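Only one structure is covered here, and it is reproduced in the block below.
The values are calculated or read from the model by the stated rules, or taken from the named source; none is laboratory data. The shown structure was predicted, so the numbers you read here are calculated from the model rather than taken from an experiment. Note that each Cβ is placed from the backbone with ideal geometry, even for glycine, and that neighbours are counted across all protein chains shown.
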Amino acid sequence: MPYAPDPWNSSKILVTGATSVGKTAFVGAASDAAPVRTIETIPTPQRGEEAMNLDLLILDMGRIAITDHHVLTLVGAPLPTVWDGLWPDVARGALGAVVLVHPDSPEEAFPAVETLEEARVPFQVVITHLDGSTPDAHKVGQVLEVDPTRITVCDPRSRVATRCAIGDVVSGALKRSPGQVAL
């Protein structure tokens with residue numbers, strides 16, 4: 001398999017969610033090799049002041065070889081509210097998205113759900129499950145106004161669990177747009 005496949009042989013899955021919800025762990029666990037991580041410091045003006053804040057923009061890129069001729073590219077990106085200008089480019093051409101949600105604060109993922117719906121990018125809400133408790137998927141679905149069939153519970157550190165969640169994204173994309181999804 002060539003190192004850098006041409007774009008016709010690659011599909012993109014976004015992985016997004018609030019800060020510290022497990023995006024980097026998810027991309028790393030699902031990827032065939034260690035993901036590439038980009039960290040940029042972005043100056044952003046403060047409201048009503050001349051001073052600038054310095055925000056971090058972190059992107060994680062991973063990949064999964066689907067066949068000898070097709071790669072699934074994983075792009076871990078912050079919520080749309082973190083860097084609005086990035087989202088149109090990141091979302092463009094995405095097969096689907098994983099929206100990681102902490103079970104205690106699902107409302108933090110609402111900007112991602114809203115933006116993906118507006119962009120018509122199929123997505124799966126993935127509740128991070130890191131301890132022995134059972135997250136309340138029904139509550140998360142109500143808060144985010146998402147059908148329960150679009151909710152998965154997953155340990156973002158587990159290769160098997162992350163790949164199952166990605167499978168849910170791909171299945172959902174195929175159901176919503178049969179014949180329009182090239183895998």
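Tabulated data for the structure shown
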{"read-out": "Which listed residue, of P122, P156, P135, is in contact (Cβ under 8 Å) with a residue 12 or more places away in the chain and either closer than 12 Å to G17 by Cβ or of a type in the set (A, V, I, L, M) (or both)", "value": "P156"}
{"read-out": "In segment 61-91, residue nearest to S11 (Cα to Cα) [restricted to those that are free of Cβ contacts under 8 Å to residues at least 60 places away in the same chain and out of contact with any strand residue (DSSP E or B) (no Cβ under 9 Å at 6 or more places or on another chain)]", "value": "T67"}
{"read-out": "The listed residue being at pLDDT below 90, part of a loop (DSSP other than H, G, I, E, B), within 14 Å of the chain's Cα centre (by Cα) and not polar (S, T, N, Q), out of L79, L130", "value": "L79"}
{"read-out": "Residue within segment 113-123 that is part of a strand (DSSP E or B) and either under 19 Å from V27 (Cα atoms) or hydrophobic (A, V, I, L, M, F, W, C) (or both) present", "value": "yes"}
{"read-out": "Answer from A119, A165, A112 - the residue that is surrounded by 20 or more Cβ atoms within 10 Å (Cβ to Cβ) and under 18 Å from T73 (Cβ atoms)", "value": "A165"}
{"read-out": "Condition broken by R157, with the remaining ones in (1) outside any loop (DSSP other than H, G, I, E, B); (2) basic (K, R); (3) under 18 Å from the mean Cα position of the chain (by Cα) satisfied", "value": "(1)"}
{"read-out": "Exclusive hit being surrounded by fewer than 15 Cβ atoms within 10 Å (Cβ to Cβ), within 19 Å of G167 (Cα to Cα) and out of contact with any Gly (no Cβ under 7 Å at 6 or more places or on another chain), set T134, T73, T81, T67", "value": "T67"}
{"read-out": "Criterion violated by Q142 - all others in (1) closer than 21 Å to R63 by Cβ; (2) without any contact (Cβ under 8 Å) to a residue 40 or more places away in the chain satisfied", "value": "(1)"}
{"read-out": "Tally, over segment 32-51, of residues that are among the hydrophobic types (A, V, I, L, M, F, W, C), over 30 Å from R159 (Cβ atoms) and at pLDDT 65 or above", "value": "1"}
{"read-out": "Failed item in (1) free of Cβ contacts under 8 Å to residues at least 60 places away in the same chain; (2) among the hydrophobic types (A, V, I, L, M, F, W, C); (3) surrounded by 15 or more Cβ atoms within 10 Å (Cβ to Cβ), with A94 passing the rest", "value": "(1)"}
{"read-out": "Matching residues in segment 124-160 - criterion: being of a type in the set (G, A, S) and more than 19 Å from A30 (Cα to Cα)", "value": "G132, S133, A137, G141"}
